[in-house]
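The values are calculated or read from the model by the stated rules, or taken from the named source; none is laboratory data. Note that the structure is a prediction, hence the values are computed from the model and not measured. Quick reminder, even Gly has a Cβ in these numbers, built from the backbone with ideal geometry, and neighbours come from all protein chains shown.
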Amino acid sequence: MDNNKHEILITLKKVIDYFNKIAVWISLIYVSMVTVLVLTGVIFRYFGNALSWTEELARWFIIGIAFVGASVALNEGKHVGITIIIKNFPDWLKKISILLGHILILIFLSYSFWYGIKAAMASINQTGGIINISMVYVKMQLPLGAGFMIINMLYYITGTILSENPEQYLLTNSSTACEVVEK
């Protein structure tokens, strides 16, 4: 790989690492909040004074964990993929299939981002069943997670295009891609 391509990938890797740190911290905060809320709910229920709002708020944070955590999993190559077929393709077909798969995922994520924002904004006046807080905060978790994943996919697409070995940029194999860029 020539120096310019390598520099582009290093720059993109720094960008996704920055956004991934944000996503990890958001996920960590959400997991911590779920833990505190569930424990609080259990303790209060044990003493005969159940708090229904802890269950609803914990459920909202779990939704955030799913969507934001998916971007962390994408960055770390933890998404499920069937790569045995692609790995047996000739080199020219590997690159095309990996790139096509990445582009289709990017299209899906863009759709999820755009319509997720529209759905969230449409629910601005809707509140939770127990907690009187706007559902926009809950529904914004989808576009937030999709936005983080779009940033990751731009890196994978660029890496697939610029690399002589596109297998490094399979979504189930991202740790290899990260190691290659750092060399």
- Regarding residue 42, is this residue modelled with pLDDT of 90 or more, out of contact with any strand residue (DSSP E or B) (no Cβ under 7 Å at 6 or more places or on another chain), in a helix (DSSP H, G or I) and closer than 21 Å to residue 142 by Cα? no
- Message: Given the criterion modelled with pLDDT of 90 or more, crowded, with 20+ Cβ neighbours inside 10 Å and assigned to a helix (DSSP H, G or I), identify the matching residue among 121, 149.
- Response: 149
- Query: Which pairs have Cβ atoms under 6 Å, sit 6 or more apart or on different chains, and link a residue in the stretch 2-13 that is under 15 Å from residue 164 (Cα atoms) to one that is in a helix (DSSP H, G or I)?
  - Reply: 5/162; 9/159; 9/181
- Message: Quick check on my filter: what residues within the stretch 51-110 are polar (S, T, N, Q) and either part of a helix (DSSP H, G or I) or more than 23 Å from the chain's Cα centre (by Cα) (or both)?
- Response: 52, 54, 71, 75, 88, 97, 110
- Message: I'd like to check something: does the stretch 99-118 contain any residue that is more than 23 Å from residue 16 (Cα to Cα) and hydrophobic (A, V, I, L, M, F, W, C)?
- Response: no
- Message: Checking the structure you have, find out if any residue of the stretch 115-123 is in contact with a strand residue (DSSP E or B) (Cβ under 9 Å, 6 or more places away or on another chain) and closer than 26 Å to residue 52 by Cα.
- Response: yes
- Task: Determine whether residue 115 is of a type outside the set (S, T, N, Q), closer than 26 Å to residue 15 by Cβ and surrounded by 20 or more Cβ atoms within 10 Å (Cβ to Cβ).
- Result: no
